[in-house]
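Here, each number is a calculation from the coordinates, and none is a lab measurement. Values in this document were obtained by computation on a predicted structure and should not be read as measured data. Cβ coordinates were reconstructed from backbone atoms using ideal geometry, including for glycine residues, and neighbour counts include every protein chain displayed.
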Amino acid sequence: MAGTQQFDQVSARPPMAEADPAAAPVRERTHRWADPQATAGAAAGLSGMEFFTALTEGRVAPPPIMATLDFDGLRFEEGRVEFRLTPEEFHYNTIGSVHGGVFATLLDSACGCAVHTRLPAGVFYTSLDLSVKFLRPVSVATGPVTAIGTVTHLGRRTALAEGRLVDSAGRLYATASSSCLVIRPE
């Protein structure tokens, strides 16, 4: 059938093109992560501030999403969290810039973790929604970007946070607003 692409039966991905001397070489990336249940278990017994302190001191392994997207540079204070991402080719979409889902994940993490810093031990959260506004593209040439999440309201059942994605010169690339469900033990 003309105009169709054959997909690999197991992975549902198009097969990788055979090496063509005129084509760019295929790149490869691997990463490692620790058991996410161990990280979640450590979080259960600590306040948000205690958890992020343990994380930055290396006493608790980072969540796998940090290795998957390769973000780092965690900085935090009560009600505010920052994550840094240095754009790489593996973050790219089909038009040659960092995929918006990478921005959304980074901003969701910053907003949610900012809420987490305000929670006592045994109290959890989960994102209810996330609204992201993309303002300009990011590429490898942009250099490191930082997602900053700030809590704007912490109630008994819900929390609100705002996020900003900026470069080293302070230029704004995306904004986010997030609602989180606060889950308290009964």
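Available extension along the chain between Glu89 and Ser168 is 26.5 nm, counting 0.36 nm per residue and deducting the alpha carbon span. Taking label positions 7 Å along the Cα-Cβ direction at both Glu50 and His153, the computed distance is 3.0 nm, reported to one decimal. Test of understanding: extend the Cα→C-beta vector of Ala121 to 7 Å, then name every residue of the stretch 38-71 with backbone N under 13 Å from that spot. Backbone N within reach: 42-51. Neighbour counting of Cβ atoms within 10 Å sorts the residues Ser178, Ser168, fewest neighbours leading, into Ser168, Ser178. The Cα-based radius of gyration of the stretch 36-183, divided by its Kirkwood radius, gives an Rg/Rh of 0.97.
The stretch between Ala42 and Glu78, if pulled fully straight at 0.36 nm per residue, gains 11.1 nm over its current Cα-Cα span. When only Cα pairs under 8 Å and 6 or more residues apart are kept, what is the percent relative contact order across the stretch 36-183? Contact order relative to length: 25 percent. Take the Cβ atoms of His99 and His31, set R0 to 22 Å, and the FRET efficiency comes out at 0.80.
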